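Report on the structure given below.
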Amino acid sequence: MDTGNWSQVTEFIILGFPHLQGVQIYLFLLLLLIYLMTVLGNLLIFLVVCLDSRLHTPMYHFVSTLSFSELGYTAATIPKMLANLLSEKKTISFSGCLLQIYFFHSLGATECYLLTAMAYDRYLAICRPLHYPTLMTPILCAEIAIGCWLGGLAGPVVEISLISRLPFCGPNRIQHVFCDFPPVLSLACTDTSINVLVDFVINSCKILATFLLILCSYVQIICTVLRIPSAAGKRKAISTCASHLTVVLIFYGSILFMYVRLKKSYSLDYDQALAVVYSVLTPFLNPFVYSLRNKEIKEAVRRQLKRIGILA
């Protein structure tokens, strides 16, 4: 397309929830409540694991790192969503849009890698229990966590670089609840086949590879659990994986359908529903999954509350 007579777009309008105009204030209050509970829940888990020496184990090291990443993951999108619900001018600058995409995807990739590391940790604990203390050392845990963060932060660089070079000279209304690759690419006034292909390849490799590694770990875990003679032993082994597996199914169940697809057209309602699941509901549910189903974390919370005098 000839863009010579068009002016470059400098800001976008995020449509958000166009079908819910009459209940914006109620949606704002609900989303604010969810966000506050998400922040408080993840912050509580992070602090409790850091402060309680009984939780200084590889599994809880990864849990606390995941909770910390969730704080940034939600901060990348939800505050702007809240502001747009109350504002008539639902705009975001071009650079701000790219930054939102970068942090959302980099922290999302970090979560993928951390969930994979947690699956590997459970594999070693259940399938190789005698070697677990020597294999999963504190130094290795720290190295894995750093690797997850570095890999996540480097992940979207190529995609961001490509999209920043596209001309945006026509429509600037993003049909989504926040800036993301698919809806922004649909606004470019040039062919974006290369961008769509690169986006598909990178997301497929990143998401499918980590999901398959998690799946392989759990196949080995299930085979080992089935060989445990006692029912009590089986229940104990399964209980250590239940929380992690629940988070994996919720998180990957939504992002697989959202990002591992090769097409240019996107359904507004379909994408918004998925976006709410993986950007809002999953981080909201994680603290409850890891605390309500975990006796050690609940006891650690009680100990810390007693220590500061809140509980007798």
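A few remarks follow.
- When segment 11-308 is reduced to its Cα atoms, the Kirkwood hydrodynamic radius in Å: 20.5
- Within the accessible surface of the chain, defined with a 1.4 Å probe on protein heavy atoms only, the carbon and sulfur portion equals 69 percent.
- Charges were assigned to the Cβ only: +1 to each Lys and Arg, -1 to each Asp and Glu. The resulting dipole of the chain about its Cα centre is roughly 1260 debye.
- Taken per residue, the accessible surface of segment 11-308 reaches 47 Å², heavy atoms only and a 1.4 Å probe.
- The lysine pair count for the chain, using Cα distances under 16 Å and pairs eight or more places apart or on different chains, is 4.
- Cα centroid separation, segment 118-159 to segment 225-242 (Å): 23
- For the chain, adding -39500 (n - 2.57) for each run of n ≥ 4 DSSP H residues and dividing by the number of residues yields -22500 deg cm²/dmol at 222 nm.
- Once the Cβ-Cβ distance of residue 19 and residue 91 is raised to the sixth power relative to R0 = 22 Å, the FRET efficiency obtained is 0.60.
- Label point 7 Å beyond Cα of residue 56 along Cβ direction - residues of segment 135-155 with amide nitrogen under 13 Å: 138-139
- Principal-axis tilt of helix 138-154 within the chain, Cα atoms, nearest 10 degrees: 10
- Helix 209-226 and the long axis of the chain differ in direction by around 20°, with both axes built from C-alpha atoms.
- Residue-by-residue Karplus 3J(HN,Hα) for segment 41-51, coefficients 6.51, -1.76, 1.60, Hz, glycine and proline x: x, 5, 5, 4, 4, 4, 5, 5, 5, 5, 8
- Stretching the chain fully between residue 220 and residue 71 yields a gain of 50.5 nm (0.36 nm per residue, less the alpha carbon separation).
- Here the contact order of segment 11-308, divided by its residue count and restricted to Cα pairs under 8 Å and six or more residues apart, works out to 27 percent.
- Peptides 66-74, 185-193 ranked from most to least packed by the mean count of surrounding Cβ atoms within 10 Å: 66-74, 185-193.
- Nearest 10 degrees, 0 to 90: helix 193-203 Cα axis against the chain principal axis: 10
- Projected area, mean over directions - segment 130-270, Cα convex hull, nm²: 11.3
The values are calculated or read from the model by the stated rules, or taken from the named source; none is laboratory data. Bear in mind the structure is a predicted one, so any value in this text is a computation, not a measurement. Ideal geometry is used to build each Cβ from the backbone, glycine not excepted, and the neighbour counts take in all protein chains shown. These accessible areas exclude ligands, DNA and RNA; they are computed on the full protein's heavy atoms, side chains included. Shrake-Rupley method; radii C 1.70, N 1.55, O 1.52, S 1.80 Å.
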